[in-house]
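Down below is the structure, laid out as structure tokens.
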Amino acid sequence: MQKLTHTLLVLTLFLQFSCNQKDPDQQSKRPNIVFIMSDDHAYQAISAYDNRLIETPNIDRIAKMGILFTNASVTNSICAPSRATILTGKHSHINGKVDNHFPFDTTNVTFPQLLHEAGYQTAMFGKLHFGNNPKGFDQFKILPGQGAYYNPDFITKEEGTVRVEGYVTDIITDMTLDWLENDRKEDQPFLLMYLHKAPHREWLMAERHVEDFTRRTFPEPPTLFDDYAGRGRPAREAEMNLLTDMHWAGDSKIYPEVMDELGIEGTSSWDKEAFDREVGRMNETQRAKWDAAYRVINEEFKKAYPSMTPEEQMKWRYQRYMQDYLGTIQSVDENVGRVLDYLDENGLMENTIIVYTSDQGFYLGEHGWYDKRFVYNESFKTPLLMAWPGKTPQGIRSDALVQNLDFAQTFLEAAQLTPPADMQGQSLMPFLTGTGEDWQRDAVYYHYYEYPSIHMVKRHYAIITKEYKLVHYYFDTDEWELIDRKNDPHELKNVYEDPAYSEIRKTLHEKLDALREKYGDNSQISQQYIDEYLDFLEERRGYAGAKDTTLVNKIFQNRNRN
Ligand code: CA
């Protein structure tokens, strides 16, 4: 009996000991998370995907250490809604952040709040664009709204709004490194959200890249002169064309006085204003360096413009666009390199999940466009590179249908937490700890809302598989589009009415219905968001940036008639 008691005591002590030991052990194993996101970074502008435009050796390092997703996508291709989906793990119609106009509903539960409650140290630096401050963060310094490239303001947790002299991408990185070096607690795992404004419009590169990038020329995409003949009204009526919709001053950096001299009208009422707002923030030294290159461009343009054909103008604007857009990416890549070096040099690589992504993709002249919003590949897809060094097999490529919807559950699982049952994604951990071979998803759901608005991309929802896209454009139109992704990689032809596709069309319709059911979306919810949005526009007596007000006027006439 005594022996048994003794044995039990030893066993109890042993169990107690091992239980006590288990917790700190498990705790220390929970990985850090470094979530790097840029704004509007097209996968075409990351050399791990495509090196025709630019080399991004630092961003590519993440793919070398881990996995490159070639079919990663967003659920709604626009800034703030994408961020809301990332933080909540829910589609826009559930988290309520369907467009850029209304502020984010902060009663939503976000993954950083859950990580924070579970003992993670949390910090966010850079662009959020929510109309309110992030919850669940020990530290944050964020740009107000879209933020500025030069001498930007930051909303800070402790010091209110401050203006910082310098270039935005460098400053966000300085803040991030400063936090890692001075505020990070060694005894806690951390979540670091490092969020760039670049390469968002109006694409002002750092002074150090101006001379180089304004002299480069880039290959044109095959669909630069798309006439939209194979598709319907949505593609034709969008206001995203490089020639007709891009700002001459604000985007192409033609000085307002040069526009006046040449008799060029702005492509919108705020064309010149956008230039003055952004370039006007530079100090004398920054402006001098910038002018040294852009004055030359303006002088050359003055001579060339009078004899330029529309086709030549289009080609000129494409080069101008790429020089500035890719120039901003050069600094993103350099600065990502600084952060990766820091992690490396401080022994943090091994237990840190590193993610590089964008809030959506972007058109770099494909279909003659810039901007995003559509479910066509360049904006529907987004770059995604992930690594958990030491755990993730190196150099993997995956064409799995992963989405920004999946991040929240991935990070919660990494932190050994059970995600709330109403999150709608699927953890990507199988890819981080293996090759993800068994990870399954055969279709994803997409829904874009912001219309009528700037760029005039009609409301649409879609089902996307690896082979097809079935899209419904609704509201002031009722058009279906079926794209054969394998046979029409540039997405130029709607085959919805083609009898050869009638079986596929039927199957996709059924799958789309099932997917809408699964995610809880339907036409009543869409109508609620329409009503709310039109009320908002009526109150503002404005059309939120539409260039052609005829369509918008028609919408309101119909509304008042009903
Ligand atoms: Ca964006």
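The values are calculated or read from the model by the stated rules, or taken from the named source; none is laboratory data. Predicted model only: the values in this text are computed from it and were never measured. FYI the Cβ positions are ideal-geometry reconstructions off the backbone, even for glycines, and counts take in every protein chain you see.
Data overview
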| item | result |
| --- | --- |
| Test: ASP488 is closer than 12 Å to GLY230 by Cβ and surrounded by 18 or more Cβ atoms within 10 Å (Cβ to Cβ) | no |
| Number of the condition not met by ARG208 [criteria: (1) away from the ligand (no atom under 16 Å from the Cβ); (2) crowded, with 16+ Cβ neighbours inside 10 Å] | (2) |
| Condition check for ASP333: within 16 Å of the ligand (Cβ to nearest atom) and farther than 30 Å from LYS29 by Cβ | no |
| Verdict on LYS458 being closer than 27 Å to LEU243 by Cα and crowded, with 19+ Cβ neighbours inside 10 Å | yes |
| Odd one out for GLU202, checked against (1) among the acidic types (Asp, Glu); (2) more than 16 Å from the ligand (Cβ to nearest atom); (3) not in a helix (DSSP H, G or I) | (2) |
| Residue, nearest to the ligand (Cβ to nearest atom), within the range 59-104, restricted to residues that are over 23 Å from HIS460 (Cβ atoms) and among the basic types (Lys, Arg) | ARG61 |
| Lone unmet requirement of (1) of a type outside the set (A, V, I, L, M, F, W, C); (2) within 16 Å of the ligand (Cβ to nearest atom); (3) not assigned by TED's automatic domain parsing to the domain that holds TYR370 for ASP227 | (2) |
| Residue match in the range 369-390 (condition: part of a helix (DSSP H, G or I), more than 16 Å from the ligand (Cβ to nearest atom) and surrounded by fewer than 20 Cβ atoms within 10 Å (Cβ to Cβ)) | no |
| VAL339 vs. criteria among the hydrophobic types (A, V, I, L, M, F, W, C) and either under 30 Å from ILE483 (Cβ atoms) or within 16 Å of the ligand (Cβ to nearest atom) (or both) | no |
| Criterion: away from the ligand (no atom under 16 Å from the Cβ), over 30 Å from ARG540 (Cα atoms), of a type in the set (Phe, Trp, Tyr) and crowded, with 24+ Cβ neighbours inside 10 Å - qualifying residue of PHE137, PHE111 | PHE111 |
| Unique residue being surrounded by fewer than 21 Cβ atoms within 10 Å (Cβ to Cβ), touching a strand residue (DSSP E or B) at 6+ places or on another chain (Cβ under 9 Å) and of a type in the set (Val, Ile, Thr) when the list is THR75, THR70 | THR70 |
| Options THR169, THR173, THR156: the member that is surrounded by fewer than 21 Cβ atoms within 10 Å (Cβ to Cβ) and either in contact (Cβ under 8 Å) with a residue 12 or more places away in the chain or over 14 Å from GLY327 (Cβ atoms) (or both) | THR156 |
